[in-house]
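Following: one structure in C-alpha cells, then a few remarks.
Coordinate-derived values only; no laboratory data. All values derive from a computational prediction rather than experimental measurement. Please note: Cβ atoms are built from the backbone with ideal geometry, for glycine as well, and neighbour counts cover all protein chains shown.
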Amino acid sequence: MPPSIEIEDSIMQDHLHQLLFPASAGMNSELISGIDREITSATYTCMLYQNQSPFNLTYRISPAMALNATIHKATLHIADNDRHYYGSHSLTVAKHPSETDERLMLRLLAFALHADGDERLALTRGLSDTDEPDLWEKDLTGAIDQWIELGLPDERRILKACGKAAGVWVYAYGRTHSVWWKTVEGKTAKARNLHVMAIDLEASQNLARLAERNMELHFNVQDGVAYVSSGKGDVAVTLEALR
C-alpha cells in the first residue's frame with residue numbers, strides 16, 4: 001500500500017489537480033489528476049509520483065467548499081468509420097466543481113467512441129460518486145456491459161471494475177500515463193476484459209479549448225484517430241492502444 005498524506009484547505013480551485021499539493025506536503029513531486037480518485041463532498045484522493053514511487057494524497061474539502069455543478073449542453077454528431085456507427089446525440093452534462101475542461105471534453109469523446117443506436121450508454125455522476133465509472137452501458141437487466149473510466153486508476157479500481165462489467169475501457173491521459181501503465185500493467189495482466197487507450201497530452205489539452213456551456217461537436221473517427229470539430233476549432237486525437 002502506498003503511504004498516504006492528508007492535506008486540509010479551505011480554498012477550492014476550479015482546477016483541483018493544479019493545486020500545489022507537493023509544495024504543501026514538503027515533497028518535490030507532481031500531482032497526477034485522476035489516478036486513484038475517491039471524491040465525495042468530503043475528500044479527494046489521488047496518486048503522486050516521487051522518483052516513480054507512488055504516494056496517495058487526500059485533499060479534504062470543508063463543507064463551505066461544496067459548490068454546485070455547472071451544467072453544459074452538448075450535441076454530438078458522430079461518424080465512426082471504424083465501428084460503422086453514424087448518429088447524433090443530445091447530452092446534458094453536469095461538470096463537478098473540481099472537474100477541468102479537459103476532463104469534461106474527454107468524457108464527451110469517450111461517449112462518441114462508444115455510442116451506438118441502442119441508447120443505453122450514459123454519462124454517470126462521475127467525480128460525484130466513487131462507485132461509478134465516468135460512463136457505462138447497462139443491459140435491460142441492469143448488468144453492466146461497458147465500464148468506461150478516464151484518468152489513471154490504480155489496479156484495485158481496475159480489477160474491481162473488471163469483476164463487475166463485461167468490458168472495461170480505461171482512457172489514460174496526463175503527463176505520466178506511461179509511468180502509470182508500467183505500474184499497473186503486470187498487476188492487471190489476468191483481466192482479459194480490460195482495454196486501455198492512451199490519449200496524447202497535447203491533444204487532450206487542445207480538446208479542452210473547445211469547451212463551452214452550449215456545444216455542437218462533430219466527431220469523425222477513422223483508423224484510430226478522432227477528429228473533433230466545433231465552431232471554436234478542430235482537434236485530432238490519436239488513440240494509442242496500450243492493451
Quiz item: Of the numbered conditions (1) on the phi > 0 side of the Ramachandran plot; (2) in a helix (DSSP H, G or I), A112 satisfies every one except a single condition; which is it?
Solution: (1)
Quiz item: Is it the case that some residue within the stretch 137-147 is under 15 Å from the mean Cα position of the chain (by Cα) and closer than 19 Å to A241 by Cα?
Solution: yes
Exercise. Read through the list (1) among the small types (G, A, S); (2) surrounded by fewer than 16 Cβ atoms within 10 Å (Cβ to Cβ); (3) touching a residue at least 12 places away in the same chain (Cβ under 8 Å), then give the number of the only condition that A115 fails.
Key: (2)
Self-check item: Which numbered condition V228 misses (of (1) under 15 Å from A79 (Cβ atoms); (2) within 16 Å of the chain's Cα centre (by Cα))
Solution: (2)
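Filtering the stretch 118-142 down to residues that are assigned to a loop (DSSP other than H, G, I, E, B) and either on the phi > 0 side of the Ramachandran plot or of a type in the set (A, V, I, L, M) (or both), which residue is surrounded by the most Cβ atoms within 10 Å (Cβ to Cβ)? Quick ask: steps written out before the conclusion?
Applying the first criterion (assigned to a loop (DSSP other than H, G, I, E, B)) to the stretch 118-142 yields 118-120, 124-125, 129-134, 139-142.
Add one more test, that the residue is either on the phi > 0 side of the Ramachandran plot or of a type in the set (A, V, I, L, M) (or both), and what stays is 119, 140, 142.
Values: E119: 10, L140: 7, G142: 6.
Per the stated criteria, the residue is E119.
Which of the residues belonging to the stretch 75-110 are over 17 Å from I199 (Cα atoms) and of a type in the set (D, E)?
Selection gives D80, D82, E99.
Do we find a residue being in contact (Cβ under 8 Å) with a residue 60 or more places away in the chain and over 21 Å from H96 (Cβ atoms) anywhere in the stretch 181-189? Explain how you work it out, then say what you get.
To start, the set of residues in the stretch 181-189 that are in contact (Cβ under 8 Å) with a residue 60 or more places away in the chain comprises 181, 183.
Those left that are additionally over 21 Å from H96 (Cβ atoms): 181, 183.
For the stretch 181-189, residues in contact (Cβ under 8 Å) with a residue 60 or more places away in the chain and over 21 Å from H96 (Cβ atoms): present.
Under 17 Å from I199 (Cβ atoms), without any contact (Cβ under 8 Å) to a residue 24 or more places away in the chain and among the charged types (D, E, K, R), is that true of E149? Step through it out loud before you land on a result.
Values: under 17 Å from I199 (Cβ atoms): yes; without any contact (Cβ under 8 Å) to a residue 24 or more places away in the chain: yes; among the charged types (D, E, K, R): yes.
Here the answer is yes, as E149 does meet what is asked.
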Practice problem: Name, by its number, the condition in (1) buried (at least 22 other Cβ atoms within 10 Å of the Cβ); (2) touching a strand residue (DSSP E or B) at 6+ places or on another chain (Cβ under 8 Å); (3) charged (D, E, K, R) that does not hold for D80. | Solution: (1)
Practice problem: Return yes or no: is G163 on the phi > 0 side of the Ramachandran plot and without any contact (Cβ under 8 Å) to a residue 60 or more places away in the chain? | Solution: no
Quiz item: Within the stretch 143-157, is there a residue that is of a type in the set (S, T, N, Q) and in a loop (DSSP other than H, G, I, E, B)?
Solution: no
